[in-house]
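Input: a single structure, listed below in structure tokens.
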Amino acid sequence: MIEVTKVWKRFAAPVLCDVTLTVPTGCLYGLIGPGAAGKSVLLKCLAGLLRPERGSVRLFGQAIEALDEVSLQAVRNRVGMLFQNNALFDHLTVAENIAFPMRRRGITDESVIAARVADRLRAVSLAGFEQRLPGGLSGGQKKRVGVARATVTRAEVVLYDEPAAGLDPVTSQKIFDLLRREQQEAGATVVMVSSDIDRLLTVTDRVGMMLDGALIFDGTTAEAKGSLHPVVKQFVHGEVDGPL
Amino acid sequence: MSAEPHAMERPQGPAEVAARRVLADARELQGVFLRTLYWTAKGRREPGEVARQCFEVGYRSAFFLSVTMGFIGMILVFQSGLQLLRVVPDLTLLGATFLELLVRDLGPTIAAMMLATRVGAGIAAEIGSMVVTEQVDALRMCGVDPVDHLVVPRFIASVVMTAALVMFSGLVSFAAGGATAWFVFDVQPLTYINFSLLDRGDLITGLLKCVAYGAAIPIVSGWCGLTTRGGSEGVGSATTSAVVNSSLAVIMLDLVLTGAGFVVFV
Ligand SMILES: Nc1ncnc2c1ncn2[C@@H]1O[C@H](COP(=O)(O)OP(=O)(O)OP(=O)(O)O)[C@@H](O)[C@H]1O
Ligand SMILES: [Mg+2]
């Protein structure tokens with residue numbers, strides 16, 4: 001379970017204003033909102049990469065804003081993350097990128113690692129790309145390698161920032177279906193940020209919408225689709241006329 | 001966006017802001033320093049990475065450093081020879097004095113200043129660009145302390161290679177000075193090569209300086225790289241401040257160690 005209580009984060013201006021949010025264990029939570037609403041910042045606060053000025057973030061029952069970097073490592077070993085810009089290690093091959101989280105969790109059997117990497121690459125339709133460097137991949141291919149790396153350890157909590165950005169409609173639906181299937185198999189708790197709302201809502205259990213640093217909606221997928229909140233209604237249905 | 005509570009907006013004078021920033025920087029630098037020592041003692045690492053960094057720091061700087069130190073040796077011997085001739089027209093101790101100065105201070109310090117520009121800039125640029133592309137965040141998500149993964153291999157390589165480079169380039173410098181003394185002042189090599197002024201204190205002070213500089217440059221530059229903000233512009237300023245700060249660190253350590261060496265070895 002992920003519990004966020006009254007989190008306040010500012011850079012030059014406030015970015016998260018008293019965000020309170022609960023994601024139950026085993027839930028696939030979709031986080032939507034217009035650009036610069038603070039979705040990526042919230043995800044980084046969940047991972048302990050950014051520290052909020054106020055408020056608390058609880059993961060696995062631990063208040064992570066109080067932990068130091070060394071204790072955070074133990075928590076992060078149970079979390080997978082896909083960054084919005086992928087953040088692939090550019091000096092490592094695709095295979096080494098995907099294997100990196102496994103090696104750091106103490107898996108040293110090369111045959112196990114190679115099998116798992118091949119399995120991940122097949123899942124994102126990139127079989128045979130093991131020895132390529134990230135610099136030589138297209139935007140969508142990098143995104144898929146990022147997805148493969150985030151899922152390689154079958155973490156209990158996975159945070160995806162735009163898993164389908166830059167992908168064609170067919171591939172993005174395949175990615176969403178893949179992530180949903182694996183989330184259900186593993187019973188993982190997942191938070192997924194995406195601008196591809198139509199496809200995102202086909203896989204989510206619950207949905208939250210952010211606007212200007214505040215969480216203005218939190219409910220089930222059906223509630224989101226039927227919401228009468230003018231902003232949520234406009235955003236979910238992609239209407240041009242409305243308050244946004 | 002809701003208004004921010006007043007409690008957070010206590011007005012601060014510019015002096016207070018500056019003092020807070022210096023304190024925060026000092027705390028961060030200390031953090032990088034302590035974590036580097038901790039992971040050097042405790043971390044497990046692939047030997048390949050340290051070897052690669054040794055090559056990066058050592059081999060690639062050797063030519064640049066030897067040329068610089070060679071010229072400096074020539075200039076110093078020439079200038080001090082001219083000065084000496086005005087006071088006492090006897091240059092028999094020229095080589096011995098120069099050697100003592102070279103071992104005790106100039107060799108390590110000038111070489112380290114040169115290394116600070118070459119090695120420091122490289123470390124800060126490499127780590128800084130990993131910060132702005134979020135690769136450092138990705139490392140942290142894999143349960144890796146970026147200090148362990150990025151700073152420590154460079155730290156070990158730098159400590160080892162700085163000592164080696166200082167000895168090698170010091171030798172070049174002494175030889176180039178000897179050639180100058182011979183050709184300009186007609187001091188015979190056998191007179192020039194004179195170890196009589198060199199004692200244990202000089203050697204220990206010189207060696208300590210090598211180690212201290214070799215440790216300071218990657219730590220200061222790694223700290224500059226890890227605290228990079230913004231985009232490629234941030235990487236640029238991180239690189240600049242790495243060079244400036246590691247040169248400053250070298251000079252300050254020089255002062256401290258010279259003072260300490262003087263007190264201990266009179
Ligand atoms: N490291 C940072 N330094 C300063 N400001 C930041 C930083 N990261 C984010 N911000 C600011 O926080 C706000 C929210 O950013 P965030 O990346 O969370 O948006 P987002 O909701 O993910 O948008 P998008 O859908 O475009 O990715 C933005 O106004 C941005 O300028
Ligand atoms: Mg974002």
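What follows draws every value from the coordinates through simple rules; no lab data is involved. Small disclaimer: the values here were computed from a predicted structure and weren't measured. Methodologically, a virtual Cβ is constructed for each residue, glycine included, from the backbone with ideal geometry; neighbour enumeration extends over all protein chains shown.
Among the helices (runs of 4 or more DSSP H) confined wholly to the range B:9-125, which include 2 or more residues that are of a type in the set (S, T, N, Q), surrounded by 19 or more Cβ atoms within 10 Å (Cβ to Cβ) and in contact (Cβ under 8 Å) with a residue 12 or more places away in the chain?
Because the criterion is at least 2 residues that are of a type in the set (S, T, N, Q), surrounded by 19 or more Cβ atoms within 10 Å (Cβ to Cβ) and in contact (Cβ under 8 Å) with a residue 12 or more places away in the chain, the helices (runs of 4 or more DSSP H) in the range B:9-125 that meet it are B:60-87.
Tally up the residues in the range B:115-129 that are hydrophobic (A, V, I, L, M, F, W, C), out of contact with any Leu (no Cβ under 7 Å at 6 or more places or on another chain) and under 26 Å from A:Arg149 (Cβ atoms), please.
The total comes to 2.
Listed residues A:Val94, A:Val57; which is farther than 30 Å from A:Leu126 by Cβ and surrounded by 17 or more Cβ atoms within 10 Å (Cβ to Cβ)?
Unique residue meeting the criteria: A:Val57.
Of the residues A:Thr151, A:Thr108, which is out of contact with any Cys (no Cβ under 6 Å at 6 or more places or on another chain) and buried (at least 19 other Cβ atoms within 10 Å of the Cβ)?
Of A:Thr151, A:Thr108, the one residue that is out of contact with any Cys (no Cβ under 6 Å at 6 or more places or on another chain) and buried (at least 19 other Cβ atoms within 10 Å of the Cβ) is A:Thr151.
Which of the residues that make up the range B:210-240 are of a type in the set (S, T, N, Q) and within 29 Å of B:Gly170 (Cβ to Cβ)?
Across the range B:210-240, the qualifying residues are B:Ser221, B:Thr239, B:Thr240.
Are any residues in the range A:3-22 touching a helix residue (DSSP H, G or I) at 6+ places or on another chain (Cβ under 9 Å) and in a strand (DSSP E or B), and if so, which ones?
A:Val4, A:Val7, A:Trp8, A:Lys9, A:Arg10, A:Val15, A:Leu16, A:Val19, A:Leu21
B:Val184 is checked against (1) among the hydrophobic types (A, V, I, L, M, F, W, C); (2) assigned to a helix (DSSP H, G or I); (3) surrounded by 15 or more Cβ atoms within 10 Å (Cβ to Cβ); (4) touching a residue at least 40 places away in the same chain (Cβ under 8 Å) and fails just one. What number does that condition carry?
It is condition (3) that B:Val184 fails.
Could you say which residue among B:Leu197, B:Leu203, B:Leu165 is touching a residue at least 60 places away in the same chain (Cβ under 8 Å), surrounded by fewer than 17 Cβ atoms within 10 Å (Cβ to Cβ) and touching a Leu at 6+ places or on another chain (Cβ under 9 Å)?
Of B:Leu197, B:Leu203, B:Leu165, the one residue that is touching a residue at least 60 places away in the same chain (Cβ under 8 Å), surrounded by fewer than 17 Cβ atoms within 10 Å (Cβ to Cβ) and touching a Leu at 6+ places or on another chain (Cβ under 9 Å) is B:Leu197.
Quick check on this structure: which one of A:Glu162, A:Glu65, A:Glu69, A:Glu96 is among the charged types (D, E, K, R) and away from chain B (no Cβ under 14 Å)?
A:Glu65
Out of the residues in the range A:23-62 that are within 13 Å of ligand 2 (Cβ to nearest atom) and assigned to a strand (DSSP E or B), state the one that is farthest from B:Arg140 (Cα to Cα).
The residue in question is A:Ile32.
Given the range A:137-244, what strands (runs of 3 or more DSSP E) lie entirely inside it while holding 3 or more residues that are closer than 30 Å to A:Ala115 by Cβ?
Strands (runs of 3 or more DSSP E) meeting the threshold: A:157-161, A:189-193.
Out of A:Leu28, A:Leu43, which single residue is within 14 Å of another protein chain (Cβ to nearest Cβ) and in contact (Cβ under 8 Å) with a residue 60 or more places away in the chain?
A:Leu43
Consider the range A:157-197. How many of its residues are in contact with a helix residue (DSSP H, G or I) (Cβ under 9 Å, 6 or more places away or on another chain), charged (D, E, K, R) and either free of Cβ contacts under 8 Å to residues at least 24 places away in the same chain or buried (at least 16 other Cβ atoms within 10 Å of the Cβ) (or both)?
3
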